[in-house]
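Input: a single structure, listed below in structure tokens.
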Amino acid sequence: MVIHTASCERRFAVAEQRATHGDALNILRFLIADDHDMFRQLIRQMVESHPGWSVLAEARDGQEAVQLARIFSPDVALMDVVMPAHNGIEATRMIKQSDPSICVILFSAHHEEEFRASGLAAGADYFVWKEQLDDASLEHMIVSRFSPGGDVGHRSS
């Protein structure tokens, strides 16, 4: 299941302004937050497999994710729900309060509806179960949000 809300439109406009030529998708900047080193590396590989997408920073906990989001203002924050020192839901709330235009994608290995509902209520733009977060789903979420005429509203798949 992938769920999103509509609050990333300004990020596309900013990305488009930063682009000197070509596709604005080629200049997206990511923050990755997960307390498991191996999963962070897997996500980094997924992101960096797309030409022009770059990882600005990695966080091991929610507090670090909030700090790095404030410093770097990424276009996209990919965050685990279950992390120490502010979970992903708390970190999402803080990031969105600081900069609502950051597109937050929350993921979780724990199939609890409360995580999904709380994450979206905190301002996450997407929620995906961890085993469904692969290259194709990441690309679909990013393209649907950052392409001209991207999806608006709620969607699940």
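Each reported figure results from applying straightforward, stated rules to the coordinates on display, with no laboratory input. Model, not experiment: these values are computed from the prediction. Cβ atoms come from the backbone with ideal geometry, glycine included; neighbour counts cover every protein chain shown.
Brief remarks on what is shown
- Over 19 Å [Cα-Cα, region 39-152], rounded percent: 41 percent
- Virtual spin-label span in nm between A109 and H140, 7 Å along Cα→Cβ: 2.3 nm
- Sites listed here are trypsin sites (Lys or Arg not before Pro) in region 46-108 whose DSSP assignment is loop and whose Cβ has at most 13 other Cβ atoms within 10 Å, and the list is empty.
- Test item: Cα-centred dipole of region 40-103, Lys/Arg +1 and Asp/Glu -1 on Cβ, debye: 40 debye
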